[in-house]
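Rule-based calculations on the coordinates, nothing more; no lab input. Owing to the predicted nature of the structure, the values given are computational and were not obtained by experimental measurement. Every residue, glycine as well, gets a Cβ built from its backbone with ideal geometry; the counts of neighbours run over all protein chains shown.
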Ligand SMILES: [Cu+2]
């Protein structure tokens, strides 16, 4: 480590030139390439979100008509789901830190790792390209029969989502093989950091659920190009089958999004509480528990799709069951905070923000799991508010937490605390201002997905739109803080936070081969007190 | 590190992040099996869809199956079983140091794959000739069930997706065949051949299920 500090050689400056990045097999460089791509797509998806909220500022058409609104809503959803939140944490932070966390020099299949980036980019560019053709207005769920009939670029978009799915599968199987076979001597499964447990559970979902989405999307393409009729009632098929297949993937997909976020929270909370994490085993196995149960709850999206009563009851009970491992995590995190020496750094603030917002997102999720309430709230803004509390309040808060936590390691530079905190304050307050009113709007009966609403909903919609601008401002401040740190921040020490996991034992930024000497592990990952 | 193992990998040097050639081999094998899990789940979903519609319209599916020639399906099953055996023999030859035998076995495997596709082609053109197309293109006039087209949607989607996999497998076999003839594999390093072999066996296995449910049930 010291040798590297002196020679100044690290993964960033060891090789130079654009080609050395685009052909790099180094997991750290691939992680950075994912970060740049995901960051750009996040801006794109965010601009679509602000356009939607601006249209909804007043009743009646303001900046766009109904058809444009449907398209903007579809792109906001599709970009944020397939191009930001699903790849976000695993492909960026997972790629960078999984090998470092388990004491490996790289992931098991570095070439496949680079391939997954190119496949992801090909899918993303194909998806974005539809913006310049006939666009798409189906919503990110591509529900049949509308997606069979609409005259927009559905086939291109669906093929793009299929391609991005391949990339997700490749990342997942790479991570599983890495976790199984590349752990350093002494790094037993009971000693891997909780972030690795989270990534491992996520990878299982990616490998087992994504192929079902793959075949579903292929069948939809065949439906549109060959008219096979499997999802088309007019030809003897069944459109509800599409919903079953779609949610068989897309419900586990929400855990593909949230589990890595939970992994980051485990790391950040224990580091900044200066305390051994409470209930390591419980947190680790609850990740696997969530992953396992998540395959049997998809029907909760279809309570009003003509599913049988008995199926509804079973899906409802299983969905409530997901609350158990999730609550186990929440209790363990709060127990870790209890009597810890808490430092309110930016990553910790984001992590505490996560706990607060995810608690609301989780509890409203239980409400929606109950059939009686869900039938009332179905397709209203209550659902929109719920999943944004989980996906934005949960996943994006954790992603920001992780980005600030690991920025010193990834870039070798420290960021400015004051500006980073301003970014947190704006995103956190702005988030609640945006989405809390949507719970009220939903319970008042405002339907989702429409470009217009009754005048009675206007004042709460105005509050919501103002909140969305605050989130936008907060993220822009955060982005500027990160970029400023990378260009002109003071150099970061190897272990700025006093962390105990392996990435903090190597220089910042890490050397090309991660570890000069293969580490030998003799204790757990969080040996504080 | 790789210098310690000179004797292990004369031609192939394992990547720097592995401890040994065996370590690399074990990782690669896990990766291949995980990929096979994705293939099985992908086909699993469409098998599930088949089961649902079959339970709704059993007699329609029986009528559909009666339009297929079980003898053609049976020949193809035998062809694929032979190809699985030759594939296994190719790997076994490499493992036991008789690398020279591997290439002929691979060529036979490739020919079996091609034979399978030829028979599939004959079957398809026969169906097209009768107007037994999938979904909205269905023009066959003697159907007893008005939704018989749905059976042929399943038939063409399932056997077509399987056929695409056979073609992919043939491409992969060609790739390892060329590398085998260049002498890149021996008893110490044959991971790509084994990986392609596993893929080929899984394709065969899927056909073993497709044959009865498409041709025989009903
Ligand atoms: Cu769900």
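For the stretch A:411-513, compute Rh as the Kirkwood radius over C-alpha pairs and then the Stokes-Einstein diffusion coefficient at 25 °C and 0.890 mPa s; write the answer in µm²/s, rounded to an integer.
So the translational diffusion coefficient is about 148 µm²/s.
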Mean-square fluctuation maximum in Gaussian network of chain B, Cα pairs under 10 Å, restricted to B:16, B:67, B:201, hits B:16
Roughly speaking, what is the centre-to-centre gap between the stretch A:292-319 and the stretch A:452-529 when only Cα atoms are used, to the nearest Å?
36 Å
How large is the Kirkwood hydrodynamic radius of the stretch A:96-245, in angstrom, based on all distinct alpha carbon pairs?
17.2 Å
Can you work out D for the stretch A:286-364 in µm² s⁻¹ from Stokes-Einstein, where Rh is the Kirkwood radius over C-alpha pairs, the temperature is 37 °C and the viscosity is 0.692 mPa s?
225 µm²/s
Of all the Cα-Cα pairs you can form in the stretch B:18-217, what percent are over 25 Å apart?
44 percent
Hey, fewest Cβ within 10 Å first, where do A:443, B:159 land in order?
A:443, B:159
Whole angstrom only: what separates the Cα centroid of the stretch A:57-73 from the Cα centroid of the stretch B:96-126?
58 Å
Please give the Cα centre distance for the stretch A:138-165 versus the stretch A:218-283, rounded to the nearest Å.
17 Å
Counting other C-beta atoms within 10 Å, which of B:100, A:409, A:500 has the fewest, and how do the rest follow?
B:100, A:500, A:409
For the stretch A:24-113 (alpha-carbon point model, no solvent) the Debye-based log₁₀ I(q)/I(0) at q = 0.22 Å⁻¹ works out to -0.96
Tell me, rounded to the nearest percent, the portion of alpha carbon pairs in the stretch A:79-146 spaced more than 20 Å apart.
45 percent
Rg/Rg_ref, the stretch A:222-309, where Rg_ref = 2.2 N^0.38 Å and atoms are Cα:
1.63
Build a GNM of chain B with springs between Cα atoms under 10 Å: which of B:64, B:135, B:163 gets the top mean-square fluctuation?
B:135
Computed on alpha carbon atoms, what radius of gyration and Dmax characterise chain A, expressed in Å?
22.6, 72
Over 21 Å apart: what share of the alpha carbon pairs of the stretch B:105-195 falls there, rounded to a whole percent?
49 percent
Of A:497, B:200, B:207, how do they rank once you tally other Cβ atoms within 10 Å and put the fewest first?
A:497, B:207, B:200
Relative contact order of the stretch B:18-217, pairs being alpha-carbon contacts under 8 Å that are 6 or more residues apart, as %:
31 percent
